[in-house]
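The values are calculated or read from the model by the stated rules, or taken from the named source; none is laboratory data. It should be emphasised that the depicted structure is a prediction, and the values quoted were computed from it without experimental measurement. FYI the Cβ positions are ideal-geometry reconstructions off the backbone, even for glycines, and counts take in every protein chain you see. When the accessible area is computed, the model is the full protein with side chains, heavy atoms only, and any ligands, DNA or RNA have been set aside. Shrake-Rupley method; radii C 1.70, N 1.55, O 1.52, S 1.80 Å.
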Amino acid sequence: MYKICLFALLLSLSLVAISQQPGKAELEKERASIQKEIDDVKRSLDETKRNRKASMAQLNAVQRRLQLREKEINVINQQMNLIEGDINQGWRDISKLKKELDTLKLQYGKSVVYSYIRSSNYDFLNFIFSASSFNDALKRVSYLKSYRAYREEQANNIVRTQDQIQGKITSLNQSRAQKSLVLKEEDKAKEKLEDEKKEKDEVVSKLKAREKELNKEFADKKKQDMKISNAITVAINRAKAAAIAEARKNAEALAKNNTAANTTTSKPVTTTEKKPVKDVNFRPLDADPVAKVLSAKFEQNQHILPWPIESGRISMRFGPSTIPGTNLHTDNKFLTFETEAGKSVKVIFDGEVALVTYIGDVQAVIVRHGKYFTTYSNLSSVSVTKGEQVKTGQVIGKVAEKEDNLGELELGISNDTNKNFDPEKWLRPNR
């Protein structure tokens, strides 16, 4: 019984896995999407090469292109598996149909032989007229008609089965041709992968030559990131303090109303004052009903939030990263974009400006979205003020120039516990 249940479970899991496998159309659509992103990365990479020396933006672009190329090869392999599955199934169908055809031919041959033998000993007219009654004669005529129809159906089944076999053979040949085409595409993708690996090695080699310079850049960025993080902490603490003050004000007003109501009763009400118990899990920004609604809306828009810039590229991703073959390490607390200096920066969701501040010689804007905060740093100018309500897509400032008419925007997403999130996982892909 146990073995039967185990077999049934494994069979059901296998069927679920098969049903969840993408089909040919889905894989072709995925390949087209990957190729489009590869083309976008290539254009971005070409712009980066024209505009400046070897940089983290270049390394990020070539690494992303390698990831996409490997993903493309994986999809091609899935397509190959489907085609090979079709070919194997085609062979099985042909083999089955050939066996059916052999059986049909054997049965038809026996019926022909039987008819021949019967026709040599019997005359059909004698068979009919030898009937014992008129009804018996009608039955014999009906039998002869049925037998003739049976033989015709046998012949038709043979023709249909032969047509099915021919159709399967045609489909099999098409699958073989498709397999040959996909194999060529796989070879091309693998050749491109090797070329792109060489290009990545060249970029890494150039970055190695700039190791001392990049070390300084990373150190400066770390200091700058620390200042931004401190500004975020200030904005969060101020928002918390304001929420707590508002909550206390509402509580005092409620207590005052209750006291006034108690004085109107005929019997005095005695109360025992208790010291409030501090809830370590209390989150004031999550307790406010209005803020709670905005937080929920912000969460619902994960993966579909707009990019804060109209054009540009990701030059450094969120989290730790290392340049291969060097001692260069960085842990980015934000998502760094590279774009033209002076480009407009737009807020990615409705909210309230919590803080506008200078970080060194550039400015930063922090916007509150309920219990979430988005930060936009490295701005040359700002067009909003603290306390202002802003809408998705509203311009809040301009990107400051870093060098060669290029600038970098630092985008951060954090919550009321000062936890940093990867902004790339909140933004919609490809802008």
- Item | Checking Thr322 against (1) in contact (Cβ under 8 Å) with a residue 12 or more places away in the chain; (2) open to solvent by 50 Å² or more (accessible area, probe 1.4 Å); (3) more than 22 Å from Leu406 (Cα to Cα), the condition it does not meet | (1)
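When region 347-361 is examined, which residues are found to be within 29 Å of the chain's Cα centre (by Cα), buried (at least 19 other Cβ atoms within 10 Å of the Cβ) and of a type outside the set (Val, Ile, Thr)?
The initial filter retains those residues of region 347-361 that are within 29 Å of the chain's Cα centre (by Cα), namely 347-351.
Narrowing the set further to residues that are buried (at least 19 other Cβ atoms within 10 Å of the Cβ) leaves 347-349, 351.
Passing the criteria: Phe349, Gly351.
Would you point out which residue out of Glu100, Glu72, Glu84 is among the acidic types (Asp, Glu) and at pLDDT 90 or above?
Matching residue, one of Glu100, Glu72, Glu84: Glu72.
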- Item | Of residues in region 286-316 being assigned to a loop (DSSP other than H, G, I, E, B), surrounded by 19 or more Cβ atoms within 10 Å (Cβ to Cβ) and of a type outside the set (Gly, Ala, Ser), the one modelled with the lowest pLDDT | Asp288
- Item | Condition met for Val62 (of a type in the set (A, V, I, L, M, F, W, C), at pLDDT 85 or above and within 32 Å of the chain's Cα centre (by Cα)) | yes
- Unique match (being farther than 21 Å from Gln300 by Cα and either modelled with pLDDT of 95 or more or among the hydroxyl-bearing types (Ser, Thr, Tyr) (or both)) among Asn405, Asn332, Asn378, Asn327: Asn378
- Query: Given Ala251, Ala177, Ala241, Ala235, which one is open to solvent by 50 Å² or more (accessible area, probe 1.4 Å), under 27 Å from Ala364 (Cα atoms) and in a helix (DSSP H, G or I)?
  - Reply: Ala241
